[in-house]
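S.K.: Got a structure for you, written out below as structure tokens; questions coming shortly.
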Amino acid sequence: MLSLEQQDHWREIYRRSHPNWQPATEIFAAFVRRELRPDSRLLDLGCGRGGIVEQLGHPPARMTGIDPDYLSLHQHRLISMPRAAALSDQLPFAADSFDIVIAGWLLEHLVAPSRSFSAICRVLRPGGAFIFITPNAGHPVAWLNRVAGRLGQLQGWLVSRIYNRSEADTFSTYYQANSPAAIAGLTSDAGLTLESIEYIADPSYLAFNRLLYNGMSAIDDYLPPTRRIHIVGLVRKQARSKS
């Protein structure tokens, strides 16, 4: 089993050899905090049981979470945050409802991402931001995950054994919105503007020992930047022009 503590250990080693490196989760959180204002209304897509919303110190009443999994919604750690059982392509909210929409580890699970991007554009207020973190479909680990995904239930079993995550928390991956070209196309088609995108290396995912860490680190250092394992992006809905 590869625990979170082990992954963090290897990430710290990688950080020491790459002084300007930050984990993708830190960059994602920084993007969100830069957009957040005291009166911002935030929507968390695929909110699960918590995540970044727990770290923001933002009033729970000004945040909303959606997730199709009823158990996750019931067990959410911010019990006073409004939550709804819904999918990202059928958002049950009025137009122009949110200043920020976030998606942590969601895009890889979308079967028809164009519908989700259109729904996000609809519920964002003019000038609002959609911020996401997702695996990069061009990285070798994503290739392995796609192969595992074709094995059906075996993928859930492998994830539970490797990362100590419940099989019920392992969802199918499709990687339809996980490449630079796909993200650019989906953004443009939805009437949004891709304002910022970063590609972040992270050799910790298969680092069961020093040899595997060294191999993953060498792969990440060799790959072109646009194929690094994580993508963090900020998409903007343009403000209405003043007439």
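The values are calculated or read from the model by the stated rules, or taken from the named source; none is laboratory data. Only a predicted model underlies this, so the values are computations on that prediction, with no experimental measurement involved. With ideal geometry, Cβ positions are generated from the backbone for all residues, glycine too; neighbour counts draw on all protein chains shown.
S.K.: Quick one: would you say residue 151 is at pLDDT below 95, surrounded by fewer than 21 Cβ atoms within 10 Å (Cβ to Cβ) and part of a loop (DSSP other than H, G, I, E, B)?
M.R.: So residue 151 passes the test.
S.K.: Here's something else I'd like to know. Within the stretch 35-49, can you find the residues that are over 13 Å from the mean Cα position of the chain (by Cα) and either at pLDDT below 95 or within 16 Å of residue 74 (Cβ to Cβ) (or both)?
M.R.: The one that is over 13 Å from the mean Cα position of the chain (by Cα) and either at pLDDT below 95 or within 16 Å of residue 74 (Cβ to Cβ) (or both): 49.
S.K.: If residue 239 satisfies every condition in (1) at pLDDT 95 or above; (2) under 26 Å from residue 115 (Cβ atoms); (3) out of contact with any Ser or Thr (no Cβ under 6 Å at 6 or more places or on another chain) but one, which is the exception?
M.R.: All conditions are met except number (1).
S.K.: Moving on. Inspect the stretch 203-222 for any residue being of a type in the set (Ser, Thr, Tyr) and under 29 Å from residue 127 (Cα atoms) and give the result as yes or no.
M.R.: no
S.K.: Could you say whether any residue in the stretch 42-53 is in contact with a Pro (Cβ under 7 Å, 6 or more places away or on another chain), more than 30 Å from residue 211 (Cβ to Cβ) and not aromatic (Phe, Trp, Tyr)?
M.R.: No, every residue in the stretch 42-53 fails to be in contact with a Pro (Cβ under 7 Å, 6 or more places away or on another chain), more than 30 Å from residue 211 (Cβ to Cβ) and not aromatic (Phe, Trp, Tyr).
S.K.: Still on this structure, please answer the following. Restricting to the stretch 107-143, count the residues that are under 15 Å from residue 175 (Cβ atoms) and either of a type in the set (Lys, Arg) or touching a Phe, Trp or Tyr at 6+ places or on another chain (Cβ under 7 Å) (or both).
M.R.: Residues meeting the conditions: 11.
S.K.: Which members of the stretch 122-146 meet the condition of being under 17 Å from residue 177 (Cα atoms), in a helix (DSSP H, G or I) and touching a residue at least 40 places away in the same chain (Cβ under 8 Å)?
M.R.: 140, 141, 142 - these are the residues of the stretch 122-146 that are under 17 Å from residue 177 (Cα atoms), in a helix (DSSP H, G or I) and touching a residue at least 40 places away in the same chain (Cβ under 8 Å).
S.K.: Hey, another quick one. Restricting to the stretch 187-196, give me the number of residues that are of a type in the set (A, V, I, L, M, F, W, C) and either farther than 11 Å from residue 121 by Cα or exposed (fewer than 13 other Cβ atoms within 10 Å of the Cβ) (or both).
M.R.: Total meeting the criteria: 1.
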